[in-house]
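Visitor: Before I ask anything, here is the structure I am working with.
The values are calculated or read from the model by the stated rules, or taken from the named source; none is laboratory data. Keep in mind it's a predicted model, so treat the numbers as computed, not measured. Counting neighbours? That spans all protein chains shown, and the Cβs are built from the backbone with ideal geometry, glycine included. Just the protein is used for accessible areas: all its heavy atoms, side chains included, with ligands, DNA and RNA removed. Shrake-Rupley method; radii C 1.70, N 1.55, O 1.52, S 1.80 Å.
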Amino acid sequence: MSLVKDAILSQKIEFSCIVIGIAALAASFLAEWAWPIVFVPIAICGAPIVWGAIVGVVKEHDITADVLVSVAIVASVLIGEYDAAAEIAIIMQIGEFFEEATVDHANASIMKLVNMRPTTARVVRDGAEAVVPIEEVRLGDIVRIVPGEMVPVDGTVTSGSTSVNNSILTGESVPRDVTVGDRVSSGTVNMYGSVDVEVDRVGDDTTLARMARIIENADAGKSRIVRTADRWAVYIVAIAFTVAVLSYLVFQDVYRSVTVLVVFCPCALILATPTAIMAAAGNMSKRGILVKDGGAVERMASVDTLLMDKTGTLTTGEVACHGFTSTDPGTDAEAIERLVSAVESRSEHPLGRAIAAAHTGDVAETSDFNYLPGLGVSGTVEGRAVVAGNERLMRGLCPGNLDLTVGAAAEARDDGYTVVFAGIDGRAVGFAVLSDTLKNGSAEAVRDLRSLGLRTVMLTGDSRQVARRTADALGMDEVVWECLPEDKLRKVKDLEGSGRTCMVGDGINDAPSLRRADVGIAMGGMGNEMATENADIVFVDDDISKVGGVVRLSRRTLLTIKAGIAFSIALNSAAMVLAVLGLMGPVAGALVHNVGSVIVIVMAALLLRHDCWGRSGAGTAAPGATTSPA
Ligand code: ADP
Ligand code: MG
């Protein structure tokens, strides 16, 4: 976490400079002889800005808003208006501080959890409890969790029942009851009873470890928010200098010109964007939403098409496998199941996990394992080439006996089941029938998004029948089936000319489109690391109903930014007129700045508590809302 630490250290220094600067400025007013203390804030807050502006202009020929600020500070000092120079320097430093703080501080509540993660676990072996370092917990171990403890691993409850609280992570205040057979994930807090949990994810694989990694990567790949003021800096600088020079030519009064430079410093303008985005990201962080790229909040406000993956995004990904059917006289269903589940035991895909989990008995050794995103898997088991996947994959690898096999699976597919075909040594031999359940609240989430004026499109690698059925149950505007990762990517590209897109997904197959879309949202809890890495926003708890809240909050944020900018431009213009007319001096000008900046910060801070989440998290499944008729 060294990157995070570095960032926090540099912010601590900046923060100290601001505090010392303000204290020194106040002290300089205390007594007549104390006035030279005013040079302290000018030096520690002002000098870095002036130096940065000089380096920018000389090295990169880059005119930023800091150029105007620097000229204003230097000019104020030259005419002896030290208080004004100090005030500008301090305010600008505060702006800088907020800008850098945007992402890491907003993620503070999730970081807190990651830092709190347990370092030991109580393992039950041969009936005896032993407290061992977390690194020594193995897959299949039984871990006992007593009330009040944070769950240290991911696993399934094998005895006892209790409620777990996930509020630190997701802001969801209602504890969830768990009993034998239910899954618990690391980072939740055990409330009432003692439970034993069979560990199925350890080390880097646990939910908590994933979150830690996402936060680290978010910091490393953080893109600085483009300061709106910098986009307009050239114009602002030009206007300020022109007015200052004209005013000097007309009135021959250097004070008026310096005041013009001072009041036209775009302090509030610079603060508007980063403070609003930081507050919005902080609001989301309390709901278990990690903002990796602050700019995504701004972009999200103008998204008009939402592309959503099916498996693992709209559905729970907790797939049920209903068994295998053989279509090859030479191979019985048990043999197919044994070979296929051996290969699938290596798969991370929800379908693969379901097939592997349904298999009882020994798991055979698999070599040459290969995952073909959007298609299926292959591998060598007991010297035989085994393939499991969709029709497209089978056409390529196991064309023999395929038409008969596809025909035999037609009924299950028409009924809305997901079918995984099995092939051995280049020949189709049978299929498995699976069903997936829609997430609680998926239908409400889609309805909510449509009511926000967004077009909803489902992109899935599954068959036409399942895709249609699911899309209809959810009331989506459009559905595209049998998508390979590149098909999902193409859809994103196709939409680029006509509007803004947001992709929501969970798998490797979604990674390219998550990266390409204007905003990529990944399901982090269950999702694949490739997906979270390529996304701008990550949902810790995979709650699809929060997408609507993100849209609402983003729109609100953009509105706040625009209002802040409009307000500060109006204020600066009015102050400039007063300065030219000689009705306002440099000190009063700097004070007007203070007021403008404070108002912009207060407007942004309101976003932190803005409630736009509706009944999110409390959604109930619509009756019959499953992808299978069962
Ligand atoms: P989605 O886009 O709905 O999330 P994927 O792109 O992950 O679905 O998968 C698309 C299709 O590829 C699945 O419907 C399935 O037919 C096949 N597939 C993917 N992974 C596997 C696997 N591990 N075993 C069998 N089939 C798979
Ligand atoms: Mg998926």
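Visitor: If I model a spin label as a point 7 Å beyond the Cα along the Cα-Cβ vector, how far apart are those points for ALA320 and LYS493 in nm?
Guide: About 4.1 nm separates the two model spin labels.
Visitor: At a Förster distance of 25 Å, what's the computed FRET efficiency of ASP414 paired with ARG384, Cβ-Cβ distance as r, to 0.05?
Guide: So the FRET efficiency works out to roughly 0.20.
Visitor: Normalised by the number of residues in segment 318-437, what is the relative contact order in percent for Cα pairs under 8 Å and 6+ residues apart?
Guide: It rounds to 31 percent for segment 318-437.
Visitor: Leaving out ligands, DNA and RNA, and with a 1.4 Å probe, what % of the accessible surface on the chain is carbon or sulfur?
Guide: 58 percent
Visitor: Label-point separation (nm) for ILE13 and THR158, each offset 7 Å from Cα along Cα-to-Cβ?
Guide: Spacing of the two 7 Å Cα→Cβ label points: 5.2 nm.
Visitor: For every helix of n ≥ 4 consecutive DSSP H residues, a contribution of -39,500 (n - 2.57) applies; sum these over the chain, divide by its total residues, and give [θ] at 222 nm rounded to the nearest 500 deg cm²/dmol.
Guide: -15500 deg cm²/dmol
Visitor: Between ASP200 and LYS562, what is the label-point separation in nm under the 7 Å Cα-to-beta-carbon projection?
Guide: Result for the modelled spin labels: 4.7 nm.
Visitor: Of all DSSP beta bridges located in the chain, what percent are antiparallel, nearest 5?
Guide: 75 percent
Visitor: Still on this structure, I have one more. In whole Hz, with x marking every Gly and Pro, tabulate ³J(HN,Hα) for segment 467-475 from phi via Karplus 6.51 cos²θ - 1.76 cosθ + 1.60, θ = phi - 60°.
Guide: Using θ = phi - 60°, the values come out as 4, 4, 4, 5, 4, 5, 4, 8, x Hz.
Visitor: Continuing with the same structure: For Cα pairs less than 8 Å apart in space and 6+ apart in sequence, what is the mean separation divided by the residue count of the chain, i.e. the relative contact order in percent?
Guide: 15 percent
Visitor: Moving on. When all protein chains stay in place, what accessible area (Å², nearest 10, 1.4 Å probe) is found for MET308?
Guide: Estimated to the nearest 10 Å², MET308 gives 0 Å².
Visitor: Could I ask something else about it? How much length is gained if the chain between ASP425 and VAL74 is pulled fully straight, taking 0.36 nm per residue apart and subtracting their Cα-Cα distance, in nm to one decimal?
Guide: 118.4 nm
Visitor: Using Cα atoms only, what is the angle between the long axis of helix 233-251 and the major principal axis of the chain, expressed in degrees (0 to 90) to the nearest 10?
Guide: So the inclination is approximately 10 degrees.
Visitor: Additional query: Tell me, what HN-Hα J-couplings in whole Hz come from the Karplus equation 6.51 cos²θ - 1.76 cosθ + 1.60 at θ = phi - 60° for each residue of segment 497-503, using x for Gly and Pro?
Guide: After applying 6.51 cos²θ - 1.76 cosθ + 1.60, I find x, 9, x, 9, 10, 10, 9 Hz.
Visitor: Right, next: Peptides 416-424, 562-570: what's the order by average Cβ count within 10 Å, highest mean first?
Guide: The peptides rank, most packed first, as 416-424, 562-570.
Visitor: What is the sum of charges around LEU489, taking Lys and Arg as +1, Asp and Glu as -1, for the other residues whose C-beta is under 15 Å from the C-beta of LEU489?
Guide: -2
Visitor: Which pairs, out of LYS286/LYS491; LYS292/LYS439; LYS292/LYS493; LYS310/LYS562, put more than 27 Å between their alpha-carbon atoms?
Guide: LYS286/LYS491; LYS310/LYS562
Visitor: What net charge is computed for the residues neighbouring VAL77, neighbours being all others with C-beta under 15 Å from the C-beta of VAL77, Lys and Arg scored +1, Asp and Glu -1?
Guide: Once all neighbours under 15 Å are counted, the net charge is -3.
Visitor: Continuing with the same structure: If r is the Cβ-Cβ distance from VAL58 to GLU486 and R0 is 41 Å, what FRET efficiency results, to the nearest 0.05?
Guide: Efficiency computed from Cβ-Cβ geometry: 0.35.
Visitor: Restricting the calculation to Cα positions, tell me the Rg (one decimal) and the Dmax (whole number) of the chain in Å.
Guide: 29.9, 103
Visitor: Further question: Could you report the chain's accessible area per residue, 1.4 Å probe, as an integer in Å²?
Guide: Heavy-atom SASA per residue in the chain reads 42 Å².
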